[in-house]
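Participant: For reference, the structure I am asking about is given below.
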Amino acid sequence: MLLLLNNLMKFNLKKLVLKKHPLFGESFDIDFTDENDFIKNKNINDAPYASLIIGPNGTGKSLLLKEVSDIFLYLKKANESGDSFTKYNGGYFEIGYSIFGNYIEVKNFYIEEKKIKRIPITITNNGKDILVSELELPQNIIVSSLLLNDKFTVNRDYPDYYKYLGIRNLKTPS
């Protein structure tokens, strides 16, 4: 389970795009919301909203949640350093989310002549370019798992931001 928390829960993960991912393949796009929800209900950002990921065992549900949490850990590091050139050890990604009524899109690639090129982090807030130091992030990330072999990151760098609640611990992450 992955929770991204902000005061009053004004956070909605909208989309994730992964390119050339070793497990998700050449191109993986997922939309976490039904766009009609946001067109029909203008106050949806004021209401509790949850995404449910279901599927058979072994289909990548936990891996998907790990990717989301790892991307936000990476963005936290870049945000604190103010460095949009911070290297992401994962692949190419684009993530879109709503936070306190603002729509944020973050991307680290572009496609030129059908080839993917890595670029510094580009961020838009409601369609306007912003600096990585101005990026609004969820207040906390909480990951929880009851599996001994879960793949979630056990992170020591941001104990107030990222909480791993699983069987593994910081002393013996393996």
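The values are calculated or read from the model by the stated rules, or taken from the named source; none is laboratory data. The shown structure was predicted, so the numbers you read here are calculated from the model rather than taken from an experiment. Please note: Cβ atoms are built from the backbone with ideal geometry, for glycine as well, and neighbour counts cover all protein chains shown.
Participant: So for the stretch 123-133 (the condition being closer than 26 Å to Leu23 by Cα and in contact (Cβ under 8 Å) with a residue 12 or more places away in the chain), does at least one residue qualify?
Facilitator: yes
Participant: Please enumerate the residues belonging to the stretch 4-18 that are surrounded by fewer than 20 Cβ atoms within 10 Å (Cβ to Cβ) and modelled with pLDDT of 85 or more.
Facilitator: Of everything in the stretch 4-18, those that are surrounded by fewer than 20 Cβ atoms within 10 Å (Cβ to Cβ) and modelled with pLDDT of 85 or more turn out to be Lys14, Lys15, Val17.
Participant: Separate question: For a quick check of your reading: which strands (runs of 3 or more DSSP E) sit entirely within the stretch 63-174 and have at least 1 residues that are crowded, with 17+ Cβ neighbours inside 10 Å? Working first, answer last.
Facilitator: On the way: elements: 92-99, 102-112, 115-125, 128-130, 140-144, 162-165.
Per the criteria, 92-99, 102-112, 115-125, 140-144, 162-165.
Participant: If you don't mind, another one. Can you confirm whether Ile39 is at pLDDT 80 or above, among the hydrophobic types (A, V, I, L, M, F, W, C), surrounded by fewer than 18 Cβ atoms within 10 Å (Cβ to Cβ) and more than 14 Å from Phe11 (Cβ to Cβ)?
Facilitator: No; evaluated as a whole, the condition is false for this residue.
Participant: So, Ser144, is that one touching a helix residue (DSSP H, G or I) at 6+ places or on another chain (Cβ under 7 Å) and small (Gly, Ala, Ser) or not?
Facilitator: no
Participant: Could you check the stretch 128-148 and list, in sequence order, the residues that are more than 19 Å from Gly90 (Cβ to Cβ), in contact with a strand residue (DSSP E or B) (Cβ under 8 Å, 6 or more places away or on another chain) and of a type outside the set (S, T, N, Q)?
Facilitator: Asp129, Ile130, Leu131, Glu134, Glu136, Ile142
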